[in-house]
Amino acid sequence: MTHGSTPREAAPPKARPRLQKEHIQAILDRGLEHCRQGDWKEGLVDLAWLAETQSKKDLPGLCYSYLGFGLARYRGQIDNGIRLCRHAIAMEFYQPENYLNMAKTCLLSSKYRRDAFEAVREGLEVDPENPELLRLYRELGMRRRPVLPFLSRGNILNRFCGWFRHQMSSQPAPPEDEEQPEADRGTIVTTVA
């Protein structure tokens, strides 16, 4: 530093660009549409930019759940992805897509498989007719809850009650008052010679 010069002031912290809500919504819609169409590279660029530059209160949970799944799937950041999906569900618990993205993110690692089951169950409680959650439910081969939830699934009483419930639900219903031929009703027909 030379005599008489003043030290250069530190640059102010990078300010977040303040966009109007319409612009934020347009970028969000574009990013979500890219992700839904399978163009995750472009979608993640938009969603990541929004998450980095905008206030959390300005963005809906869908932004974070799609960003979370994308980061986990395409950049290997599974723990970060799950954290973002959980944040999305906390923000918008009524949005079934958040649960779907959470489940898909959890399925990327075997250590979170149980969380995936739980996300699908909770998502179906929000929207029981959601086709993507129903498809994932069938793919996962989800089991029913134990008959006696206060006992472990392996408890002999729960196993017996579960077996009985399965037997009762898989029995075909008896026909309703249909005329049946005499031989079909269980009577024995004999002939005398």
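So, by mean Cβ neighbours within 10 angstrom, what's the order for 118-125, 37-44, 105-112 with the highest one leading?
In descending order of packing, they fall as 118-125, 105-112, 37-44.
How many nm separate the modelled label positions at Arg159 and Asp29, each set 7 Å beyond the Cα in the direction of the Cβ?
Those two pseudo-labels are separated by 5.7 nm.
Subtract the Cα-Cα distance of Gln167 and Phe150 from 0.36 nm times their separation in residues, and report this length gain in nm to one decimal.
3.9 nm
A short reminder: the numbers here are calculations on the coordinates, not readings from a lab. Computed from a prediction, not measured in an experiment: that's the story for all the values here. Heads up, the Cβs are rebuilt from the backbone with ideal geometry, glycines too, and the neighbour counts pull from every protein chain shown.
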